[in-house]
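What follows is a short report on a single structure.
All of the numbers you see were taken from the coordinates with simple rules; none came from a lab. Owing to the predicted nature of the structure, the values given are computational and were not obtained by experimental measurement. Every residue, glycine among them, receives a Cβ derived from its backbone with ideal geometry; neighbour counts consider all protein chains shown.
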Amino acid sequence: MPIGLKEKQAIVAEMNETASNALSAVMAGYHNVSVDEMTTLRKQARDAGVQVRVVRNTLARRAFEGTEFECLNDALLGPNVLAFSIEDPGAGARVFKEFAEENASFEIKALSFGGRILPADQIDALAKLPTREEALVRLMAVLKAPVFKLVRTLNDIPGRATRVVAAVRDQKKQQESINQT
């Protein structure tokens, strides 16, 4: 059953909004992937906060207009499934990478991040990006390291002074014991 013009416009508008808010996109071919496997992929994506879309290439090209994912237009060949990462730029890549490892017929075709298209073999680079929480933890560790170093240095000053005084005292006791003999 063909899709009417209104439905096509709604699909393009919805996908354009998703693409405008997304941080990254991963495109894969799903030829010979069963419906049950696609359902599993959609559930994994939903759990990871990733929006998965299967849409006609002509509609995807129109939806990508004015977004940083226009670079994917040349790669839109054959049946494709798109994963848009909304909160975590590496989430879609992680979900698709894991799914591709389990399903030989699922082929990752291209990635887009920061307005650039990346080849499929760069999926590891995108998948290894830290999540928001991991990035915040790393940032906090970097920010508090100088403070801890300063505190340790300041705490070390009285300790050094105490050791110097103790060494002088020990030295004077040795001098007294030598003088008494």
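Rounded to the nearest 500, the 222 nm mean residue ellipticity of the chain from helices alone is -19500 deg cm²/dmol, with -39,500 (n - 2.57) taken per DSSP H run of at least 4 residues. Within the shell of other residues whose beta carbon sits under 13 angstrom from the beta carbon of Leu150, the net charge comes to +2, with Lys and Arg scored +1 and Asp and Glu -1. Couplings 3J(HN,Hα) for the stretch 68-75, derived from phi with the Karplus relation 6.51 cos²θ - 1.76 cosθ + 1.60 (θ = phi - 60°), are 6, 9, 4, 5, 7, 4, 5, 8 Hz, where x marks Gly and Pro.
Near Glu134, within a Cβ-to-Cβ distance under 12 Å, what is the net charge of the other residues, with Lys and Arg +1 and Asp and Glu -1? Taking every Cβ under 12 Å from that of Glu134, the sum is +1. In this structure, the residue pairs whose Cα-Cα separation is over 28 Å, taken from Lys6/Lys109; Lys8/Lys109; Lys6/Lys97, are Lys6/Lys109; Lys6/Lys97. At what distance in angstrom do the alpha carbon centres of the stretch 15-61 and the stretch 97-130 lie from each other? So the separation of the two Cα centres works out to 13 Å. Rounded to the nearest 0.05, the FRET efficiency derived from the C-beta distance between Leu143 and Ala13 at R0 = 45 Å is 0.60. All other residues with a Cβ under 14 Å from the Cβ of Ala166 taken together, and with Lys, Arg as +1 and Asp, Glu as -1, what is their net charge? Cβ neighbours under 14 Å give a net charge of +4. Springs join every pair of Cα atoms under 10 Å in this Gaussian network model of the chain, and among Asp47, Asp170, Asp74 the largest mean-square fluctuation is at Asp170. Estimated at 0.36 nm per residue, the fully extended path between Asn57 and Asn21 surpasses their Cα-Cα distance by 11.0 nm. Here the Gaussian network model covers the chain, with springs between Cα atoms less than 10 Å apart; of Val55, Val35, Val151, Val151 fluctuates the most. Amide H contacts of Lys109 (H built 1.01 Å from N, in plane; Pro and chain starts excluded): Met27, Ala28, Gly29 sit under 5 Å, all sequence-distant by 5 or more or on other chains. Each residue of the stretch 106-119 was assigned a 3J(HN,Hα) from its phi angle through the Karplus expression (A = 6.51, B = -1.76, C = 1.60, θ = phi - 60°), giving 8, 10, 6, 9, 7, 10, 9, 8, x, x, 10, 8, 10, x Hz with x at Gly and Pro. In vacuum, with every alpha carbon of the chain counted as one equal point scatterer, what does the Debye formula give for log10 I(q)/I(0) at q = 0.13 Å⁻¹? Two decimals, please. After summing over all Cα pairs, the log10 values are -0.72. In a GNM of the chain with a 10 Å cut-off on Cα contacts, which of Arg53, Arg116, Arg169 has the highest mean-square fluctuation? For the chain, modelled as a Gaussian network with Cα springs under 10 Å, the answer is Arg169. With the simple spin-label model, which puts each label point 7 Å out from Cα in the Cβ direction, the Gln171 to Glu133 separation comes to 5.6 nm.
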